[in-house]
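Below is one structure, written out as structure tokens, with a few remarks after it.
The values are calculated or read from the model by the stated rules, or taken from the named source; none is laboratory data. Note that this is a predicted model, so its numbers are computed, not measured. Positions of Cβ are backbone-derived with ideal geometry, glycine not excepted, and every protein chain shown enters the neighbour counts. Heavy atoms of the whole protein, side chains included, go into the accessibility calculation; ligands, DNA and RNA do not. Shrake-Rupley method; radii C 1.70, N 1.55, O 1.52, S 1.80 Å.
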Amino acid sequence: MPVVKAPVTEKKKVDVLIVGGGPAGLAAAVRLYDKGIRSILIAEREAQLGGILRQCIHDGFGLTRFGESLSGPEYAARFIDEVKQRNIPYITMAAVTQITPEKEVTIVTRERLLIVEAGAVVLAMGCRERTRGALAIPGERPAGVFTAGVAQAYINLYNRMPAREVIILGSGDIGMIMARRLTLEGAHVKAVFEVAPYPSGLPRNIQQCLNDYGIPLYLSHTVTQIHGEKRLEGVTVSEVDEHFTPIPGTEQYYECDTLILSVGLIPENELSLDAGVVLDPRTRGAVVDEHLMTGCDGIFAAGNVLHVHDLVDFVSMEAERLADAAARYLEGSLKGRGQLEIVCSDPVHHTVPQLFGAEEPFELSLRVKRPLENVTVYARQGETIVGKKKMRRALPAEMITLQVKPVSRMKLEVSAE
Amino acid sequence: MNTKFDVLIIGGGVVGSAIARELSRYRLKIGVLEKNPDVCLETSGRNTGVCHGGFAYDIGSLKARFCVEGNRMMGDLAKELDFPFERCGKVLVGNTPEEYDRLLEVIAQGEANGASGMRMVDEEELHRLVPGVVGKFAMFSENSGILDPFLMTIALAENAVHNGAAYFLEHEVTGIERSGEDYLVTTARGTFLTRWVINSAGLNCGAVSDMLGLKGYRIVYSKDDYIILDQRLGRDLPMPIYTVPSNTYMGIHVSLTTDGNVLLGPTAEDTDNNHWYGVEAKNLEYLEREAKTIWPHFTRGDYIRTYSGILPKWADEDGKIQDYKIEIRDDIAPRAVNLVGIESPGLTSAVPIARYVIGLMQEREKFEENERFDPIRRGIRRFADMSAQEQAQAIREDPDYGELVCRCQKVTRAELLQAVRSPLGVRTVTGVKYRTRAMMGRCQGGYCQMRITRMLEEELGIPVKEITYAREGSQLFFGKVRED
């Protein structure tokens, strides 16, 4: 008979458990500490803090938050230093495998299985990339098809060169940054194809990563076939109509050994779903109120796990707002998620938050569905305008923020006119 | 190669591996020649992974006989060899009176074949069995099930190796010659001498038949495209849903894997090409449209991946698909067992086919029993399948169980290492994938593949450029960015 040993799981209680030590988790931790919360634990699955910033060695981070241009690791280091100065506890190589609605969090490490009972949980898991399989690109399954982030990790973190002759599908920011990076490392980027009639990444990246290197960008084009039994041999590219349907007769074959995909990011909410958090199908992140609380009491979300951001600066700032709310929640002055509706109409794609609870000012984030010029974004309650922002142009690639001051408990209607 | 084999098996698919495993019950020197870097890379791994009931095949056929026998033994086999199998049942749904009558015929055929556990269910019971299905009635087959075709094949192969058989990967057979009483088998990597030779080459059964001098088999190929859907959907699908079969086509299925992914397929198109595994755009649309008529609970947002498989079928001059052909032609090729047209239900039938093959051999030569034969094989212990207490214990015993590498499938470094160090020896990324499920989830290795390729480099001690994805030549890297 086996001898039953003492329990091998370890239990622990904290005020706040932060899932993920990337930009959102780090900013939340620092602000929570500064709000007087001392019992914090950051669980990070990698060996170092910093999240995806570790592999983003290009610059341009921090212009909004710090007023200077930093590389990804430098930006992360600012927050990591703050965490270390405050002695905020964190564990690395620590994978969260489960979060219950009662805020019991299971963490797996090389030392033990740790069960943490948390007063509040901060979801800061970031996002993942859409894959070739999710797009269901027809054709064979050779080696040489990578998402932009995977190629970036191979080159910047793993010192492995995955490409020589490259086609990029999707004009997302990481795809364009990788076009430049691959070029600098000696690969030949033949072209970038974008299915939409407008670029999906930021204008500055089109200039600095494509135009400056003579890499052509073709709009309203997509890859319609992948060729190669072993390593990728080429792709067929077709023009698409306004419904993104390939137009027969426009097929062109491009020889290449690598296809890089930059076709969208998806908030990484597997743990949230298991906890019972309800997602917004438009953002694929949690439905939250103005305090960034999900439908599960005491579970908050910020950063790319909530909605995909274009700038990390906004991730940090959103996480800081989350921390303010979570601190209030722990004091007991915040209970349950707000129930008042925020609705939006075309051309506004979505808003975050999707709900609010009180007549207090808050910041609203939104994106538009297509490029617009000379547009004003309005937030109204009935006839009353409670938020307004005038813009010379609005792009789907750029998140728009709007200060809102609700004056009643009527639903909030957001439009762009 | 100086040593002489008693038996050389050409093809390391599920049938070749089942023959190797069943033959290892005897005191024989057994070799398996496989052209790919791993087992199960062709027909055996590219299908729906269903353990069939035996009702869909002509009365008196080998397909019917082996399928019924294989279905009956699958539970015990899965326990012995530790591969995932669930006897979850299956429904064939219909809507019209003609389909009802056809299903009654299917039941009658099944009963004549010796299958059991088939009955008609009305709409109410159908929806109790499979909530969300669209259909007025169904034939329910309670003995049908699902299995993991990769792990089944790997398990058979590993157990064969455990009992003394040798696998030669990347050894494509290019010629067979008679050498006195023996056969001289030439491969891409050397020549082998053997007394017995077995053609279980699957897609290449026709070419190997020709090499044996058994000419004239007409092999036609049927290509099946599939779509794999997210595991979350599998929670709402308790068993595979099939439509009413015709005599030649089983119809589109909405099935599920033992890991809970939903599968849409197959397309069943005739092709002359037995190695092009591309999935066509028109088929993706067809599968989406057809699958929605019986199970409309998915969107394109649920797509994880697509794949394709090819079945070799033996056809007569009129193109009519024939039964399995398993023969020894003493006049033309003595001590050569020729297997032709081994297609569906090949997974279900693999071990009965193997025993039949050995029966034919034993009519000609008595084999001595291997007293040391051990039927038990243990697979990789999956962290995701353990209770919290078991997980904690596993981490205490082996800290690698506490290092989660694939987040979405919850695969730990311990499992990955067990895969690389497993009896067949894994040299490819997909070798790790099929053994552990790492990289099979929603991010398709977006998070873990870098760690896995690095682990392969470290474990195998091979240069960066030699890390391959699946097949020979499927190189992942062109070198280092900077020399260390």
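Observations
- Scanning the stretch B:390-411 for residues that are in a helix (DSSP H, G or I), more than 7 Å from chain A (Cβ to nearest Cβ) and open to solvent by 20 Å² or more (accessible area, probe 1.4 Å) returns B:Glu390, B:Glu397, B:Asp400.
- Considering A:Ala319, A:Ala326, the condition of being under 20 Å from A:Ser272 (Cα atoms), touching a Phe, Trp or Tyr at 6+ places or on another chain (Cβ under 6 Å) and not β-branched (Val, Ile, Thr) is satisfied by A:Ala326 alone.
- Output for the stretch B:423-453, where each listed residue is within 24 Å of B:Leu147 (Cβ to Cβ), at pLDDT 95 or above and of a type outside the set (A, V, I, L, M): B:Thr428, B:Thr430, B:Gly431, B:Lys433, B:Tyr434, B:Arg435, B:Thr436, B:Arg437
- Condition met for A:Arg328 (surrounded by fewer than 21 Cβ atoms within 10 Å (Cβ to Cβ), touching a helix residue (DSSP H, G or I) at 6+ places or on another chain (Cβ under 9 Å) and touching a residue at least 12 places away in the same chain (Cβ under 8 Å)): no
- The single condition among (1) surrounded by 16 or more Cβ atoms within 10 Å (Cβ to Cβ); (2) more than 14 Å from every other protein chain (Cβ to nearest Cβ) that A:Thr109 does not satisfy is (2).
- Condition met for A:Val122 (more than 9 Å from chain B (Cβ to nearest Cβ) and more than 30 Å from A:Leu330 (Cβ to Cβ)): no
- Near pairs, Cβ below 9 angstrom, 6+ apart or cross-chain, from the stretch B:113-134 (over 18 Å from B:Val244 (Cα atoms)) to any residue that is of a type in the set (Val, Ile, Thr) and assigned to a loop (DSSP other than H, G, I, E, B): B:Asn113/B:Ile59
- Of the residues making up the stretch A:117-131, not a single one is without any contact (Cβ under 8 Å) to a residue 40 or more places away in the chain, out of contact with any strand residue (DSSP E or B) (no Cβ under 7 Å at 6 or more places or on another chain) and open to solvent by less than 30 Å² (accessible area, probe 1.4 Å).
- A:Ile155 over 23 Å from A:Pro267 (Cβ atoms) and without any contact (Cβ under 8 Å) to a residue 40 or more places away in the chain: yes
- Residues located in the stretch A:233-268, provided they are within 10 Å of another protein chain (Cβ to nearest Cβ) and part of a loop (DSSP other than H, G, I, E, B): A:Asp257, A:Glu268
- Criterion: in a strand (DSSP E or B) and within 13 Å of chain A (Cβ to nearest Cβ) - qualifying residue of B:Tyr242, B:Tyr226, B:Tyr277, B:Tyr286: B:Tyr226
- The residue of the stretch B:297-327 that is surrounded by the fewest Cβ atoms within 10 Å (Cβ to Cβ), among those that are hydroxyl-bearing (Ser, Thr, Tyr) and assigned to a strand (DSSP E or B), is B:Tyr307.
- Of all residues in the stretch A:144-159, none satisfies being surrounded by 22 or more Cβ atoms within 10 Å (Cβ to Cβ), assigned to a loop (DSSP other than H, G, I, E, B), within 7 Å of chain B (Cβ to nearest Cβ) and modelled with pLDDT of 95 or more.
- Single residue of the stretch A:366-409 satisfying the filter (without any contact (Cβ under 8 Å) to a residue 40 or more places away in the chain and not in a strand (DSSP E or B)) that is nearest to A:Asn304 (Cα to Cα): A:Lys369
- With respect to the conditions (1) closer than 27 Å to B:Leu129 by Cα; (2) open to solvent by 40 Å² or more (accessible area, probe 1.4 Å), B:Ile228 lacks only one, and its number is (2).
- Criterion applied to B:Leu77, B:Leu104, B:Leu126 was being hydrophobic (A, V, I, L, M, F, W, C), assigned to a helix (DSSP H, G or I) and open to solvent by 60 Å² or more (accessible area, probe 1.4 Å), and the one residue passing it is B:Leu104.
- If you filter the stretch B:430-469 down to residues that are within 10 Å of chain A (Cβ to nearest Cβ), of a type in the set (Gly, Ala, Ser) and open to solvent by less than 20 Å² (accessible area, probe 1.4 Å), you find that the one that is nearest to the chain's Cα centre (by Cα) is B:Gly441.
- Residue check, A:Ala196 closer than 24 Å to A:Arg128 by Cβ, surrounded by fewer than 22 Cβ atoms within 10 Å (Cβ to Cβ) and aliphatic (A, V, I, L, M): yes
- Hey, B:Gly359 exposed (fewer than 14 other Cβ atoms within 10 Å of the Cβ), part of a helix (DSSP H, G or I), at pLDDT 95 or above and not acidic (Asp, Glu) or not: yes
- Within the stretch A:257-274, tally of residues that are on the phi > 0 side of the Ramachandran plot and either touching a strand residue (DSSP E or B) at 6+ places or on another chain (Cβ under 7 Å) or not small (Gly, Ala, Ser) (or both): 0
- Checked against (1) under 25 Å from B:Ala419 (Cβ atoms); (2) at pLDDT below 95; (3) open to solvent by less than 20 Å² (accessible area, probe 1.4 Å), B:Ala155 passes all but condition (2).
- Among the conditions (1) in a strand (DSSP E or B); (2) surrounded by 14 or more Cβ atoms within 10 Å (Cβ to Cβ), the only one that A:Asn205 does not satisfy is (1).
- Among the residues listed as B:Tyr221, B:Tyr242, the single one being in contact with a strand residue (DSSP E or B) (Cβ under 6 Å, 6 or more places away or on another chain), of a type in the set (Ser, Thr, Tyr) and over 24 Å from B:Val340 (Cα atoms): B:Tyr242
- Qualifying position, being of a type in the set (Ser, Thr, Tyr) and crowded, with 24+ Cβ neighbours inside 10 Å, among A:Ser220, A:Ser262, A:Ser238: A:Ser262
- Candidate set: the stretch A:25-64, residues that are part of a helix (DSSP H, G or I) and open to solvent by less than 10 Å² (accessible area, probe 1.4 Å); chosen: the one farthest from A:Ile107 (Cα to Cα): A:Leu53
- Restricting B:Glu459, B:Glu472 to those that are outside any helix (DSSP H, G or I), acidic (Asp, Glu) and not assigned by TED's automatic domain parsing to the domain that holds B:Pro37 reduces the list to B:Glu472.
- Criterion: in contact with a helix residue (DSSP H, G or I) (Cβ under 9 Å, 6 or more places away or on another chain) and modelled with pLDDT of 95 or more - qualifying residue of B:Glu397, B:Glu368, B:Glu403: B:Glu403
- Of all residues in the stretch A:132-143 being at pLDDT below 95 and buried (at least 21 other Cβ atoms within 10 Å of the Cβ), the one that is farthest from the other protein chains (Cβ to nearest Cβ): A:Arg132
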